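Peer 1: Mind having a look at this structure? Questions to follow.
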Amino acid sequence: QVQLVESGGGLVQAGDSLRLSCAASGRAASTYAMGWFRQAPGKEREFVSAFSFSGTNTFYADSVKGRFTISKDSAKSTVYLQMDSLKPEDTAVYFCAARRSGGAAFQQSYDYWGQGTQVTVSS
């Protein structure tokens, strides 16, 4: 069992930055590859960013490439999502998730999910 807790969301203006955190706990937490998804009001949840299983490669959705950066602190079992140059269309609930197999961008690959943290970007 892996528990994931996100934090760091909030209300910001367009062009601002935010850093989300996802703290993982549980016996096998370190064996999972982590990713971030988001769900905007009235829309389906979509892929944002993720690590490869080796942890050395990263993946990004085209909509956030060049603006968002995923990183991790293995000693703290925490994954981060640095979000720069935020846009109103980035407004969503952001979820972190953990997977042991499958493609990074596919929700069905992920076994555990956090409760989500709200990010609101005003224009």
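The values are calculated or read from the model by the stated rules, or taken from the named source; none is laboratory data. None of these values were measured; they are calculated from a predicted model. Don't worry about glycine lacking a Cβ; one is built from the backbone with ideal geometry, like all the others, and counts go over all protein chains shown. What goes into the accessible areas is simple: the full protein's heavy atoms, side chains included, and nothing from ligands, DNA or RNA. Shrake-Rupley method; radii C 1.70, N 1.55, O 1.52, S 1.80 Å.
Peer 1: Among the listed residues TYR94, TYR60, which satisfies the condition of being of a type in the set (Ser, Thr, Tyr) and farther than 20 Å from SER122 by Cβ?
Peer 2: TYR60 is the lone residue from the list that is of a type in the set (Ser, Thr, Tyr) and farther than 20 Å from SER122 by Cβ.
Peer 1: Could you please let me know if SER122 is touching a residue at least 24 places away in the same chain (Cβ under 8 Å) and hydroxyl-bearing (Ser, Thr, Tyr)?
Peer 2: yes
A quick yes/no check of all residues on (1) at pLDDT below 95; (2) open to solvent by 50 Å² or more (accessible area, probe 1.4 Å); (3) assigned to a strand (DSSP E or B); (4) within 21 Å of GLY102 (Cβ to Cβ):
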site	(1), (2), (3), (4)
ARG19	no, yes, yes, no
TRP36	no, no, yes, yes
LYS43	no, yes, no, no
GLY55	yes, no, no, yes
PHE59	no, yes, yes, yes
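Peer 1: Listed residues GLY114, GLY102, GLY66; which is open to solvent by 60 Å² or more (accessible area, probe 1.4 Å) and in contact with a Phe, Trp or Tyr (Cβ under 9 Å, 6 or more places away or on another chain)?
Peer 2: GLY66
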